[in-house]
Structures are given as C-alpha cells and as structure tokens.
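Student: Below is the structure I would like to discuss, written out as structure tokens.
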Amino acid sequence: MLRVVRRASMLLTLLVLPLGFATPVLADESLSFVAPTTLDVFVVDPVNGQGYRPARPNDDPISALFDAKGNPIALTFAKWAHATGSTERFPAGDGVAPRFRFSFTNLVPFGLYSIFVEHASPDGMNFVPFSDRAVSLLASEEGTLDLTTRVGFPLAPNDTIVLLYHSDGQTPTSVTNADLGQTVHEQLLLAPSLPAPDSAETEPKF
C-alpha cells in the first residue's frame, strides 16, 4: 500500500511541476543579412594600378581594402565578403518594443561595430542607432558578435537594419551618408520584407 501511495505521489509531482515554469517565448521570424549591392570599401583600381574604386563581388579575394581616402583597412576583400549575419525577432507585448537577437560571424577580429537603422526622411536617409545597447560593439577574436536587444523606436516599412564597421576604431556620436566609406562602412544589411501593395498591413516584416 505504501508503494502504491508513493508512486501516486510521484505521478502527481510530474503532472504539477511543469505548471510552475513559464512557457518559453519563441521567435516569430528569423531573417538573414546580406551584403550591400554597392560596397563602401575600396581596392586599388586594377586597370591602371593606381587610384581607388569601390570593391566589386568579382574582385580578387586577396585584394587589400582601403577607405575612400586611401587609408588601409588592414584586411582582404575575401575576409570582408565572408561576413554573415542573422536575426530572430521575438513578439512584443502590450506597450513593449519587440526584441531582436542578432548573430554575426566572420567579422573583423576585435573590430568595432554598431547596428543602426537606415531611415528615410524628407531630408534624405538618416542613420539611427538600433538601441542604446547596439552601439560600440566589439567582435570576438574569432570574428563573432551576438546581441539581444529591444529596438529603441517603431520601425517604419522602408527602414533597413545595417551592421556598420568603424575602420578608425572610434564610434561616432552620429552617422551620416558623408561618413560612409570614410570611417564607417556598411558590411551587412537587412531590408524589410514589405507587405503586398494591396495589403492592409503597415508594419515591416522584420
């Protein structure tokens, strides 16, 4: 009789115990970053062996990279082009911004990065930090970078999330189009999947 009661007690514990744990929140979307169609890192012009032009996908992988002023960035085009990134978006609660989990590989080892949002405005394209925690991020020795953070503002349908590399090792207080190619370089980006033209949805599909 004692053995039967003990088994019944163990069964009851197994049935009740899971109720004490919170249900895990699963990502509602997972997306991959891509390289920009126009690169803002430069190589020596192979036609005449002098001057610089933006790097192209078919350039020699061992080509050395430079900024727009001809200052060396100290890595090859192959290293730059092999960077990958992805993000998972977790649903937002009432009055709470959605949470994003970013993961990047093959970045510049110990390179300084930031995650910004490229936002269209009447005055042109503006760069806004994704969040307070998404600025001045240091890649690991292996070139990996992971960050989980909530977006600091509502994302618009035409916003683009960009991973910026700071080739001078300094994080600027702000980023403008004039900075691109100088000391700030778009290595990866994530453009939203916009709703169909006849859709009633207005939120970007990040």
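Student: For the stretch 26-44, what are the residues that are under 17 Å from the mean Cα position of the chain (by Cα), of a type outside the set (D, E, K, R) and part of a strand (DSSP E or B)?
Tutor: SER30, LEU31, SER32, VAL34
Student: Let me ask something additional. Can you tell me which residue is modelled with the lowest pLDDT among those in the stretch 74-99 that are under 20 Å from LEU190 (Cα atoms) and of a type in the set (A, V, I, L, M)?
Tutor: The residue in question is ALA92.
Student: Restricted to the stretch 81-93, and to residues that are touching a strand residue (DSSP E or B) at 6+ places or on another chain (Cβ under 6 Å) and either surrounded by 16 or more Cβ atoms within 10 Å (Cβ to Cβ) or not β-branched (Val, Ile, Thr) (or both), which residue is nearest to LEU145 (Cα to Cα)?
Tutor: Step by step, filter the stretch 81-93, then rank; the result is GLY85.
Student: Another one. Which of the residues spanning the stretch 55-69 are without any contact (Cβ under 8 Å) to a residue 24 or more places away in the chain and either within 17 Å of PRO36 (Cβ to Cβ) or among the acidic types (Asp, Glu) (or both)?
Tutor: ARG56, ASN58, ASP59, ASP60 - these are the residues of the stretch 55-69 that are without any contact (Cβ under 8 Å) to a residue 24 or more places away in the chain and either within 17 Å of PRO36 (Cβ to Cβ) or among the acidic types (Asp, Glu) (or both).
Student: Inspect all residues belonging to the stretch 53-70 and state whether any of them is closer than 17 Å to TYR113 by Cα and within 21 Å of the chain's Cα centre (by Cα).
Tutor: no
Student: Now, a different point. Conditions: (1) of a type in the set (A, V, I, L, M); (2) over 20 Å from SER30 (Cα atoms); (3) surrounded by fewer than 16 Cβ atoms within 10 Å (Cβ to Cβ). LEU180 meets all but one. Number of the miss?
Tutor: Single failed check for LEU180: (3).
The values are calculated or read from the model by the stated rules, or taken from the named source; none is laboratory data. This one's a predicted model, so the numbers in the text were calculated from it and none came from an experiment. Cβ atoms come from the backbone with ideal geometry, glycine included; neighbour counts cover every protein chain shown.
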